[in-house]
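So the structure is just underneath, and the comments pick up after that.
The values are calculated or read from the model by the stated rules, or taken from the named source; none is laboratory data. Just so it is clear, the model here is predicted, and its values are computed rather than measured. For neighbour counting, all protein chains shown are included, and Cβ atoms are generated from backbone atoms with ideal geometry for every residue, glycine included. Heavy atoms of the whole protein, side chains included, go into the accessibility calculation; ligands, DNA and RNA do not. Shrake-Rupley method; radii C 1.70, N 1.55, O 1.52, S 1.80 Å.
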Amino acid sequence: MGDVTQLLQRARDGDTSARDLLFTQIYSELQKLARQKLAKESTLTQLDAPSLVHEAYLRLSQQPDLPGQNRRMFYAYAANVMRSVIVDYVRSRNALRRGGAVEIVTLHTGDQNAVFKDQEIETLDSALQVLKKIDERCHQIVEMRYFAGLTIEEIADVLELSPATVKRDWHKARAVLLDALKT
């Protein structure tokens, strides 16, 4: 099909067939990630894996200028979009609900189960913004691991780091986020 970096460059140069091929390729990769991460669990609020992928895909495909200069940057941006979809969905539900009968949300990180209520998703989003100011790379790792469902090895490949470095940053980020969520 073609490397994501090459397709990104061709699409930026105006090649519409490359843009179509790029979105065909990333759509199937996003589907695979969502199925791997969310199909094993109960639904994320009422947002299931296909809905998450479709919304993220729509947001990505509507970008007039494709984000990221290479595969790594593009997938980091895609992870950010998936996080935004989840946070926007939770905020919308909370606005409709106005604080009544909060349901539990399950997100699985691969290391342990983490259960959050809707308002905690918003708190997590705020904590992620703090983490981003402290350590941009840790923030990217959390987005890719937690919201896009990438493994440590996949993140290491995307960020061009060793798996050991990604694990250290993942543990550091989790500690910062846990501290932020406790306050």
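Remarks
- Cβ-defined net charge surrounding GLN62, 13 Å radius [Lys, Arg +1; Asp, Glu -1]: 0
- Neighbour net charge for LYS172 - beta-carbon separation under 13 angstrom, K R +1, D E -1: +1
- Per-residue extension of 0.36 nm, minus the Cα-Cα distance of SER92 and ASP157, leaves a gain of 20.0 nm for this segment.
- Using a probe of 1.4 Å, the accessible surface attributed to ASP3 totals some 70 Å² when neighbouring protein chains are kept in position.
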